[in-house]
Amino acid sequence: MDNTTSDILMLSIGGMGILLALTLLGEFLQMRRGPADPSPVLETYMTRVKSWWGMTILIALALLSGRLGVVILFLFASFAALREFLTLTAKARADHYSLALAFFAVLPLQYFFIWCGWDGLYTVFIPVYAFLLLPIVSALRGNANRYLIRVAETQWGLMITVFCISHVPALLNIEIAGYDDRAVLLIAFLVIVVQLGDLLEYFFGRRIGKTQIAPGLSPKTWEGMACGVVCAMGIGGLLAWITPFGLVGAMAMAAVASVVGMLGTLVFAAIKRDRGVKDWSHLIPGQGGFVDQLDSVFFAAPIFYHLTRFFWRV
């Protein structure tokens, strides 16, 4: 067993230990309230923790399987998220070909380029080539009804659910001096600090939060966000040993990723409010779909990727 594999196993065990602590905390708080005084906030919190048990195991298995497992996992996540996103958008028969291209050409090609390590292609393929090609395909069908809305929503879906999230496996392509084949640990670092920060922001926001950030969109509060970011920084500091960042750098990267991710959830909350839905789908019981689970990672991933590439690449 090499050092990277043993570190992934240690992280998996540590992550499960944190989830166990969060589970016991939730159970303790529920016991204090008693069955006669149920709390919707605690129930939602416990549902999130339970769903993360399954996701932690799945991500750990992907990391242990190496590059292929990571790329396949996020390709599947992109496909499911794109499907959820486009179900809430305006579409017409004229868009069938462009949608087919989005799902069965653009999406797999993006991940193929990442698999091959062609950063010159996967960083521009969707924002340039797909951006130009798909509107042409729709225009050739001759339907101008709500054309701009239809095209923009498809392109936005591709940018968020494919382009942005694909920057997670793209971390494997960054060459960092003295880091060798340990880039897979950057993925673990990013997912852990963003998701745990988001979970703790939810918990503290409902417990001590007073000032809402965007009252018309989300119950997210400044107090909860501050607590979540501080917790993410602490977690990032504890995980500094798996990164090339150093202690201060790891805490700073965790803070940036956490802040961007939390603000990204507001964007998705605005979209859901605009469409009049609570969740993107019902794939995960009590937790919605892939977009609901990955909304913060969508926004954090490209920022984390480019900061890492700019400051630590060889």
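The values are calculated or read from the model by the stated rules, or taken from the named source; none is laboratory data. All figures in this text were calculated on a predicted structure; none of them were measured in a lab. Every residue, glycine as well, gets a Cβ built from its backbone with ideal geometry; the counts of neighbours run over all protein chains shown.
Residue pairs whose Cβ atoms lie under 8 Å apart, sitting 6 or more positions apart in sequence or on different chains, and linking a residue in segment 180-192 that is without any contact (Cβ under 8 Å) to a residue 60 or more places away in the chain to a partner that is of a type outside the set (A, V, I, L, M, F, W, C) and assigned to a helix (DSSP H, G or I), are Ala183/Asn173. For residues that are aliphatic (A, V, I, L, M) and within 22 Å of the chain's Cα centre (by Cα), scanning just segment 95-120, find the one that is surrounded by the most Cβ atoms within 10 Å (Cβ to Cβ). That would be Ile114.
Restricting the first member to segment 202-228 and to residues that are within 22 Å of Thr47 (Cα to Cα), and the second to residues that are among the basic types (Lys, Arg) and surrounded by fewer than 13 Cβ atoms within 10 Å (Cβ to Cβ), the beta-carbon pairs closer than 7 Å and six or more apart or on different chains are Thr221/Lys210. Can Thr123 be described as hydroxyl-bearing (Ser, Thr, Tyr) and surrounded by 15 or more Cβ atoms within 10 Å (Cβ to Cβ)? Yes: the conditions hold for Thr123. Of all residues in segment 170-186, exactly one satisfies the criterion of being in contact with a Lys or Arg (Cβ under 8 Å, 6 or more places away or on another chain) and surrounded by 23 or more Cβ atoms within 10 Å (Cβ to Cβ), namely Val184. Of note, Pro244 satisfies the criterion of being part of a loop (DSSP other than H, G, I, E, B) and modelled with pLDDT of 90 or more.
Any chance segment 84-102 includes a residue that's at pLDDT 80 or above, closer than 23 Å to Leu199 by Cβ and assigned to a helix (DSSP H, G or I)? Within segment 84-102, one or more residues are at pLDDT 80 or above, closer than 23 Å to Leu199 by Cβ and assigned to a helix (DSSP H, G or I). In the set (1) touching a Ser or Thr at 6+ places or on another chain (Cβ under 9 Å); (2) part of a helix (DSSP H, G or I); (3) not acidic (Asp, Glu), the condition left unmet by Ala254 is number (1). Per the listing Leu61, Leu134, Leu109, the residue uniquely in the same structural domain as Met16 (by TED's automatic domain parsing), part of a helix (DSSP H, G or I) and at pLDDT 85 or above is Leu61. I'd like to know if segment 38-54 contains one or more residues that are in contact with a helix residue (DSSP H, G or I) (Cβ under 9 Å, 6 or more places away or on another chain), assigned by TED's automatic domain parsing to the domain that holds Val162 and of a type in the set (Asp, Glu). Checked against the condition, which is being in contact with a helix residue (DSSP H, G or I) (Cβ under 9 Å, 6 or more places away or on another chain), assigned by TED's automatic domain parsing to the domain that holds Val162 and of a type in the set (Asp, Glu), segment 38-54 yields no hits at all.
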